[in-house]
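Coordinate-derived values only; no laboratory data. Since this is a predicted model, take the numbers as computed values, not measurements. With ideal geometry, Cβ positions are generated from the backbone for all residues, glycine too; neighbour counts draw on all protein chains shown.
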Amino acid sequence: MTDDHLYGPGVMKYVKEAEKFLVQKEKQIARIKKLKFDTIAVHGLYTVEEALSQNQGSVIEPLYLATAQAYRDSDEMEAALAYLIPTWCYTRIANPTTYYLEWVLALLEGYQTGYDTSCLVTASGMSAIMLAVDSLLVKQKEGAEKINFVSSFQLYGGTFQHFTVRKMKERGIEIRWVDHQDDVEEWKAKIDENTRFLYSEAPSNPQQSFCDVKALVELAHSWEIPFIIDSTCATPALMRPIAYGADIVIHSLTKSITSGGLAIGGALISRKPIATKIKNENPLFKQSFAEYVKFLPYRDNGPAAAPLNALFALNDLRTLRSKMDLVSANSEKVAEYLSQHPKVYQVDYLGLESFSLHNLAKKFMKLVDSDDGKGKEVNRYGHLLSFRVDGPPQNARKVFDNLKIIFRAGDMGRIKSIATIPAISTHLQQGEEARAKADVPPQMIRLCVGAENPDDIIADLDQALGSL
């Protein structure tokens, strides 16, 4: 792991001890990778042996609320803070509870993809986005090097603000927008030697834009740059972009993964290695990007996840596959009802055969470990949809205000159904012109269907639409 000449014998004693531990850990990871998706989601890396030997037999992963780790002596402390041995040292840098969540997410995103993965859990989805893109938006030449990145225009409102205000206005970084992210030629026309990465959100929130993940990966790699995708709405239960070669996957854990609605969090999962032509003296930058970010930018910037939030996410994650199957089926039924309602002029849901991007999404969005009876996985499209109420914007507000069961909130991905009007909430700051370009009209109601009986949700929508 390191040069014996740089450190004393006491430090090297701990290094050699850690090497033995890491060998056992690699064997454990190899064993876990052979398990099915649901089993990995339930157990992760927390084993019966660890429970009995370290945690008094606790069946559930323990919650470590302590802010710091104590060391046996100065040699162990030096080895730890030089990153020579595994350590959690300080919760701003790492924490045992967060570690369990990071590993289960890495394993689920990498499930049956043929790639190794690493994961960093952050305080929010936005902090995961910030850490991913900032680490790549670095100048490589002296002088006025004009770097850029290419992104789909259909983004969550917070991501759009981050890119346009924090990156473009404040730092002068050029963003080259793609208006139709399903058009690979449009992406191709925006790339040059100073492009640092391609960025997509698919399915997009709220208009259900989608892209050809495999084609964009190939395009990005032909320029030796990474493809980053926010896959929050799909979750690894429905799509694992790394299977198609994606370099970095972003999640707002606050959404479908922590469906109980009790915690905020984000995740950055990277393929090993990522494609990049950026020169960085730290080998982890390319070989294990998420670990690089964790050890350096994340440590220095401090957007640490709270251990309690990590435990909430970990617990909700255990049933991810079955929940995404259920809410996807519920959403499809609701979307079909809305598509036939005379007061609704458009329904945006990838699961509808009539939706323009249905056939593209069908190639990528499949319920992991499912079987249609013919040996193929079953298509599922998640629980985010939008519908557009006929008439002036006031009609949409009237329908929205008359909902009785469905909660009115700017949240999504809950076990309970939640609706919002993006133009006055999640995408308000984007401005009218940008909303029009992103296809977020004021008549649009975003609906995230939960685990209720879908007939009750349909009845609530029916009486609300009946108010017009």
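Every helix of 4 or more DSSP H residues in the chain counts as -39500 (n - 2.57), and over all residues that averages to -10500 deg cm²/dmol at 222 nm.
Size descriptors for the stretch 95-317 (Cα atoms only): Rg and Dmax, in that order, 16.1, 49 Å.
What's the FRET efficiency of Ala451 with Ala51 using the Cβ-Cβ distance as r and R₀ = 30 Å, to the nearest 0.05? Efficiency at R0 = 30 Å is approximately 0.50. Put simply, the amide H of Ser425, placed in the peptide plane, has no neighbours under 5 Å, leaving out anything fewer than 5 places away on its chain. Write out the GluC sites (Glu not before Pro) in the stretch 280-370 meeting two conditions: DSSP loop, and at most 15 other Cβ atoms within 10 Å of their Cβ. Sites meeting the loop and neighbour criteria: Glu281, Glu353.
Taking the centroid of alpha carbons for each part, the stretch 393-468 and the stretch 51-110 are 41 Å apart.
Of Met412, Val389, Phe355, which is farthest along the charge dipole of the stretch 320-465 in the positive direction, counting Lys and Arg as +1 and Asp and Glu as -1 at C-beta? Of Met412, Val389, Phe355, it is Met412. Evaluated at q = 0.06, 0.13 Å⁻¹, the base-10 log of the normalised Debye intensity for the chain, with identical point scatterers placed on the Cα atoms, takes the values -0.27, -1.22. Go through Lys188/Lys255; Lys286/Lys437; Lys255/Lys279; Lys36/Lys277; Lys167/Lys272; Lys139/Lys294 and tell me which ones have a Cα-Cα distance over 24 Å in this structure. With Cα atoms farther than 24 Å apart: Lys188/Lys255; Lys286/Lys437; Lys255/Lys279; Lys36/Lys277; Lys167/Lys272. This model, with +1 at the C-beta of Lys and Arg and -1 at the C-beta of Asp and Glu, gives the chain a dipole about its Cα centre of some 140 debye.
Each Lys or Arg adds one and each Asp or Glu takes one away; over the other residues whose Cβ falls under 11 Å from the Cβ of Leu465, this sums to -1. Screening the chain for DSSP H helices whose Cα atoms reach 24 Å or more along their own axis and whose mean Kyte hydropathy is at least -1.0 gives 9-33, 320-339. Remark: the Ser58-Val42 segment gains 4.3 nm on full extension, using 0.36 nm per residue and subtracting the alpha carbon distance.
Between Val378 and Arg408, the contour length at 0.36 nm per residue exceeds the alpha carbon distance by 7.7 nm.
With each label modelled as a point 7 angstrom along the Cα→C-beta vector, the Asp134-Ser322 pair spans 4.0 nm. When both bridge partners sit in the chain, DSSP labels roughly 60% of those beta bridges antiparallel. Relative to the current alpha-carbon distance between Tyr90 and Lys146, full extension at 0.36 nm per residue lengthens the span by 16.4 nm. The H on the amide N of Asn205, modeled in the peptide plane, is under 5 Å from the matching H of Tyr156, each at least 5 residues off or on a different chain.
Take each peptide in 165-173, 258-266, count the other Cβ atoms within 10 Å of every residue, and average; sorted highest first, the result is 258-266, 165-173. Each residue of the stretch 423-439 is assigned a 3J(HN,Hα), and the resulting list reads 4, 10, 9, 5, 10, 4, 5, 5, x, 4, 5, 5, 4, 4, 5, 7, 6 Hz, derived from the Karplus form 6.51 cos²θ - 1.76 cosθ + 1.60 (θ = phi - 60°), x at Gly and Pro. If R0 is 22 Å, the Cβ-Cβ spacing of Leu35 and Gln287 corresponds to a FRET efficiency of close to 0.30. Looking at the stretch 94-147, the GluC sites (Glu not before Pro) that sit in a DSSP loop and have at most 12 other Cβ atoms within 10 Å of their own Cβ are Glu142, Glu145. In terms of the Cα gyration tensor, with a ≥ b ≥ c the square roots of its eigenvalues, is the stretch 1-153 rounded because a/c is under 1.5, prolate because a/b exceeds b/c, or oblate? Cα axes put the stretch 1-153 in the oblate bin. Sorting Ile424, Ile147 by the number of Cβ atoms found within 10 Å of their own Cβ, with the fewest placed first, yields Ile424, Ile147.
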